[in-house]
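Everything below concerns the one structure shown next.
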Amino acid sequence: QVQLVESGGGLVQAGGSLRLSCAASGSIFSINAMGWYRQAPGKQRELVAVFISGGSTNYADSVQGRFTISRDNDKNTWYLQMNSLKPEDTAVYYCNAHIKGTSYDYTRNYWGQGTQVTVSS
């Protein structure tokens, strides 16, 4: 069993900063990919930032230059540093990972429980 637990959301004023954390635990063999998504009211879930194959990163155009994804492989943890926050960043943020467990030899997709980020104008 694998679980993703995220934290760090909250209410901030425009221009402020937050750092989100996501920790994977359980019977993990490997984590092949990890990233962050968000879903605003009335909208579909969208990619925010992700580590892709080879260790490269990919960001949504709307957060480029303001958000930074990082990771600590030894702790099975990754982060999203959000600076210069805007009201349009308001959403529920979800961490995501593609993980192989010790009891299966294929990659499965996992999601965190979501954390609310609200940016006031």
Qualifying positions in region 61-90 - of a type in the set (A, V, I, L, M) and either open to solvent by 20 Å² or more (accessible area, probe 1.4 Å) or in contact (Cβ under 8 Å) with a residue 40 or more places away in the chain (or both): Leu80, Met82, Leu85
query: Do we find that Asn58 is touching a strand residue (DSSP E or B) at 6+ places or on another chain (Cβ under 7 Å), of a type in the set (S, T, N, Q) and free of Cβ contacts under 8 Å to residues at least 24 places away in the same chain in this structure?
result: yes
task: Return a yes/no flag: does region 98-106 have any residue that is among the acidic types (Asp, Glu), open to solvent by 40 Å² or more (accessible area, probe 1.4 Å) and closer than 23 Å to Leu18 by Cα.
output: no
message: What's the number of the only condition in (1) open to solvent by less than 90 Å² (accessible area, probe 1.4 Å); (2) within 15 Å of the chain's Cα centre (by Cα); (3) under 20 Å from Ser7 (Cβ atoms) that Val119 fails to meet?
response: (2)
statement: Taking first residues from region 99-121 that are within 17 Å of Asn83 (Cα to Cα) and second residues anywhere that are of a type in the set (Asp, Glu) and buried (at least 17 other Cβ atoms within 10 Å of the Cβ), the pairs with Cβ under 6 Å that are 6 or more apart or on different chains are Thr115/Glu6; Val119/Asp89
- prompt: Is there a residue in region 42-52 that is open to solvent by less than 60 Å² (accessible area, probe 1.4 Å) and either in contact with a Cys (Cβ under 8 Å, 6 or more places away or on another chain) or not hydrophobic (A, V, I, L, M, F, W, C) (or both)?
  reply: no
field: Per-region count, region 1-24, residues closer than 23 Å to Ser103 by Cα and loosely packed, with under 13 Cβ neighbours inside 10 Å
entry: 2
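The values are calculated or read from the model by the stated rules, or taken from the named source; none is laboratory data. All of these numbers come straight from a predicted model, not from anything done at the bench. Cβ atoms come from the backbone with ideal geometry, glycine included; neighbour counts cover every protein chain shown. Each accessible area value is taken on the protein alone, full model and side chains, heavy atoms only, with ligands, DNA and RNA left out. Shrake-Rupley method; radii C 1.70, N 1.55, O 1.52, S 1.80 Å.
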